[in-house]
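Where a number appears in this text, it was derived from the coordinates with a stated rule and is not lab data. This is a predicted model, so every value here is computed, not measured. Note that we place each Cβ from the backbone using ideal geometry, even for glycine, and neighbour counts take in every protein chain shown.
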Amino acid sequence: MHTGEIKGERPLITINYKDKRPIYEQLVERVEELVAAGHLFSWRGKAVLGTSVHSTIGLEEYVRVRLEEGAGEDPTAYPVFGKSGMLSTLVKADGIVTIPMNVEGFSKGESVEVIYI
């Protein structure tokens, strides 16, 4: 299994509090179940960034974005910023853009893949 440093919002995943294993082990197992079942990361599309988005090299980052109709075929994605773990940013977002570990970010106007939420 691939592992790495992740920077972004905290996940909301339910776990069994009666299970005596460490919480991180339960979370990894639960995420694997959801990915294998096709419940996570299944709806994707393309969008054009409305602003530049920066990241730190060596960290995989997930940026929440809102989508607006663009001039072309693809919608325009704008980052939704807020404090880490704020539920309001998730409510305002239409999707998530993943910035890979080896990328410093994306420029305005660049085409990106969006995971719809």
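Odds and ends about this structure:
- Taking label points 7 Å from Cα along the Cα-to-Cβ direction, GLU113 and GLU33 give a separation of 2.6 nm.
- Gained length - MET101 relative to TYR62, 0.36 nm times residue gap less alpha-carbon distance: 13.0 nm
- Fully extended contour minus Cα-Cα distance, from ASP74 to ARG44, at 0.36 nm per residue: 9.6 nm
- On the beta carbon distance between LYS83 and LYS20, with R0 = 30 Å, the FRET formula returns roughly 0.40.
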